[in-house]
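The values are calculated or read from the model by the stated rules, or taken from the named source; none is laboratory data. All figures in this text were calculated on a predicted structure; none of them were measured in a lab. Note that each Cβ is placed from the backbone with ideal geometry, even for glycine, and that neighbours are counted across all protein chains shown.
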């Protein structure tokens, strides 16, 4: 089942609706992760170690909003992640 889904994505990409749902899932996960003290501390530590700064929740969620799907001739769509500001 997983292989079939991955194959379908590789051949045709995802729909705009699937992308929108994925972005919503990511934003929800970030916000819900703040409910658990351990997850909150892990987020802070990772941000400090990897980026040297702690982005706000709004900044983290804005990154997913800026991600875009592009399609070139004869190839499936690709996601262009937002760059950190």
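Quick notes on this structure:
- Check on residue 82, modelled with pLDDT of 60 or more and either within 27 Å of residue 9 (Cα to Cα) or in a helix (DSSP H, G or I) (or both): no
- Qualifying helices (runs of 4 or more DSSP H) (wholly inside segment 1-58; at least 3 residues being exposed (fewer than 10 other Cβ atoms within 10 Å of the Cβ)): 2-12, 37-50
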